[in-house]
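Reviewing the structure listed below.
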Amino acid sequence: MRRAAQYGMLAGGIAAVVTLGVVCTVTVRQGSEARVAHPDAYPVTAGISGCGRGWSDPAAGTQTFDVTNTSIAGMEVYLESVASGDVYLDLEALGAGSTTRGRAIIPAGRYRFVCLPADEDPIAGPTVTVTGVRRVADATPGIPPVTENDLIPASKQYGAWIESRLPVLQADVDALADDVASGDLGKAKADWLTGHLEYESLGAAYGAFGDADEAINGMPASGRTALDDPGLTGFHKLEALLWSGAPAAEIAPFADRLSADVAGLRANFPNVRIDPLDIGLRAHEILENALQFELTGAADAGSHTNLATVDANLNGSAEALAPLRGILKPRYPQLAKTEASIAAAQQLVESYRAADGTWTPLQSLTTAQREALDARIDATVELLAPVAAICDVRRAAS
Amino acid sequence: MSPQRGADAERPAAGLGRRGFLHGLVGAGVAAPLAAAAAVAPAAATPASAPSSSTSSPPGTPASTPSADAPAYPFHGAHQAGILTPAQRNGTFVAFDLTASSRAELTELMKTITERARFLTAGGLPAEVGIAAPPPDSGVLGPRVPSDGLTVTVSLGASVFDDRYGLAGLKPHRLRTMEDFPNDALDRAACDGDVLLQLCAHHPDTITHALRDIAKATRGGMQVRWRKDGFVSPPRPSGTPRNLMGFKDGTSSPALAEPSAPDRLVWTHAGGPEPRWVEGGSYHVVRVIRMLVEFWDRVSLHEQENMIGRRRDSGAPLTGTREHDDPRYETDPTGDVIQMDAHIRLANNRSPQQAEQQMLRRSYNYDSGVDTNGNLDNGLVFACFNQDLERQFVTVQKRLIDEPLADYISPTGGGYFFALPGVRHQADWFASGLLA
């Protein structure tokens, strides 16, 4: 299960902010000009005392460390630039007494290890001067870690946007229920699509809305179809019924149930939040979901509107990315390219929407068209992947 | 087939009708995969653990069991590795369609493939990206990527030379979309493609790793169209490896028999109708040939050996004793021993005229699951390299049309490609002569 599913929607208020501690910096003078041969790996200690001991006389280039947690509790270890605080290496979840290997490729400069014991303040190790060239090939990018504090405004902004869309979603599914109640199944199909696309733009990928998502947009159980799965409710059940020519009376209970489930999501939403851990993941998981279920046609229960869904998913990706722009701008050189890639993908997908609003079925695309579309989405999701890594919540180093 | 079978048309016998029926209905395929086509006995097989593009070791010869730190085959050179390179135990053939939207993007794509192939074939430590991205390497081969004898051979299909990239005037003269031969059952979704990657290595995880790496680096520029994985069997018990019909396959490699042979049989040269950039490349034919192994296993040994023209156990021509014995057709002019339509005789009658038609074969067995009837999908990824597609592969293939063996095989996929000239140095890149 992806982490998004676990963290998707947590009840309660904003999590406590990481307490910042006093940092003790010890600068060690480099004693000798004499170069010692680099060991295969520097044995480095990470403890309450002696953080970062063992790294000496380094020259620019690849640094390999065997870092041992000498404390009695879990530890996280950063390698950071003293001047900028940019982090080049993050060894997470280092158990007491354990040793793990890490590498960084760094140019000349002043660096130090920072040891972050679980539940205790960070401890900065001695400053170490790396000598040699100012530029190295394939250098490891150093960026400031993103903290929960950094992410809270972004997650609030994203949550507020979702909340603002829920009334629209409610109106869409209510209209759908009304259509079915009145027996206008043609209009019901159109309103089904409007509502489904609204929902698909909200970024509910990989269970981000938990049980509510299962009820609203669940997929049939293994070995079942949306039509014959007795446990299935929501958009895909309605899709299967509407497009298989089921009578209105059979559809109506499911349409009413969807209205009620959306109302439940809406009622619950102000009490929950988008977890800051989750928002970075959301940016690429929406499209991972689209690749797995829409561009394969797997989620199609008869409407052949996978391309419309992909379009909505691209909207959703852009909306998830937007609140992170300020965080990403100094940390992700490919941000502009990523945004351009989303836009280009959207333009390509929307070329399959006719003037009357109907969408070309995925199944009607030629091999070359499918390949071009898959390639565009693949490239986009590859560009989005670093967003989740960068926005992984980390502790401040000081 | 027995000599009597040659008279099928005039004198159908019980049991033959069925095969004739299958033949007509299924259109069982033809290919030149099976037996030797050599006028010159090959040099003794040499282990492939030494990095070399030596011409002394037939490509069908499997690498001796390599250690994890087997030295790398050189990436840079006038010709690509993976052609004269002795066949590594594992190979995959992956055809891509280009999605690059311009010649500039295609150039960028070729540079990216070059950069990844250069790293992967040499091995080494992957990049370190700290906290700025997911790990760039899949980790499938551990923290330090071993070269493991990996070769990455890049070939282009005829479709690259359509109007998309302005390359129409630069197409290798002989390159075209693979035709349907009379007994083919080609699935076009498993044929052709703009770019073919032939990845070969001593171990299958190395190939999986390389393909994932290259695919990740090239997303947006190309999409997988079809793929077939294969393996080279170890010698059983000695000599040339066997195919899945149980016969030694690739006994001789005339294209490697002497140092000058590749220049006559493998490498395409610029000049005449060929554009300048093709110098040092090679026409690369891939034919995915299903073997109807259940049917084959119900055929008598005598009939099997007559169809091939060799002993199954020893690999010797029926006129000889040992695998590498010359078939001496001059002593068997009317086909009393090796039938006139035996596979090895049709493929190469050892006449001086047919010597120039010999190609460099570099095939892989495949074992890919089952068909809808529960029959095993076994076969051969027949691959060969040709100086001149028409003079060599196509000419031989046409001679094999309706050979008796055709009833037991069914070509389903593959294509014609042109293996690019080598990447000559650190600053060079694949297809630089075509695109620069």
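Rule-based calculations on the coordinates, nothing more; no lab input. What you see is a predicted model; the values in this text were computed from it and never measured. Glycine also receives a Cβ, built like all others from the backbone with ideal geometry; neighbour counts cover every protein chain displayed.
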Query raised in the report: So what's the gap between the Cα centers of segment A:114-161 and segment B:146-208, to the nearest angstrom?
Result: 45 Å
Query - Footprinting exposure proxy for B:233, B:410, A:49 (fewest neighbouring C-beta atoms within 10 Å first) - result: A:49, B:233, B:410
Requested in this report: Among B:250, B:217, B:177, flag the residue with its Cα farthest along the positive direction of the charge dipole of segment B:149-300, charges on Cβ as +1 for Lys/Arg and -1 for Asp/Glu.
Outcome: B:217
Query raised in the report: Size of segment B:362-409 along its principal axes in angstrom, Cα-based, largest extent first?
Result: 39, 23, 13
**Report entry** Footprinting exposure proxy for A:143, A:377 (fewest neighbouring C-beta atoms within 10 Å first)
**Finding:** A:143, A:377
Query raised in the report: Could you give the dipole magnitude of the protein assembly as shown about its Cα centre, charging the beta-carbon of Lys and Arg +1 and that of Asp and Glu -1, in debye to the nearest 20?
Result: 2420 debye
Report task. Using all C-alpha to C-alpha distances in segment B:180-249, build P(r) with 10 Å bins and read off the rounded percent in each one. Result -> 15, 33, 33, 18, 1
Query raised in the report: Which order do B:305, A:319, B:115 fall in if you start with the one that has the fewest other Cβ atoms within 10 Å?
Result: B:115, B:305, A:319
Query - Distance between segment A:226-241 and segment B:403-423 - C-alpha centres, whole angstrom - result: 47 Å
Requested in this report: Could you pull out every one of the aspartates and glutamates with an alpha carbon less than 12 Å from that of residue B:171, ignoring same-chain neighbours closer than 8 positions?
Outcome: B:162, B:163, B:274
**Report entry** Cα shape, the protein assembly as shown, gyration tensor, a/c 1.5 rule
**Finding:** oblate
Query raised in the report: Cα-Cα over 27 Å: which of A:156/B:216; A:337/B:216; B:228/B:398?
Result: A:156/B:216
Query raised in the report: What angle do you read, to the nearest 10 degrees and between 0 and 90, between the alpha-carbon axis of helix A:306-321 and the longest principal axis of chain A?
Result: 40 degrees
Query raised in the report: Where does helix A:335-350 land angle-wise versus the long Cα axis of chain A, in degrees 0 to 90, nearest 10?
Result: 20 degrees
Query - Charged-residue dipole, Cβ positions (Lys, Arg, Asp, Glu), segment A:109-257 about Cα centre, Debye nearest 20 - result: 980 debye
**Report entry** Other protein chain Cβ atoms within 10 Å, averaged over every residue that makes up B:210-221
**Finding:** 3
Query raised in the report: Average projected area of the Cα convex hull of segment B:232-351, in nm²?
Result: 9.8 nm²
Query raised in the report: Taking Cα atoms, how many degrees apart are the long axis of helix A:276-289 and the longest axis of chain A, rounded to 10 and kept between 0 and 90?
Result: 50 degrees
Report task. For segment B:275-346, give the magnitude of the charge dipole about the Cα centre (Cβ charges: +1 Lys/Arg, -1 Asp/Glu; no others), in debye to the nearest 20. Result -> 340 debye
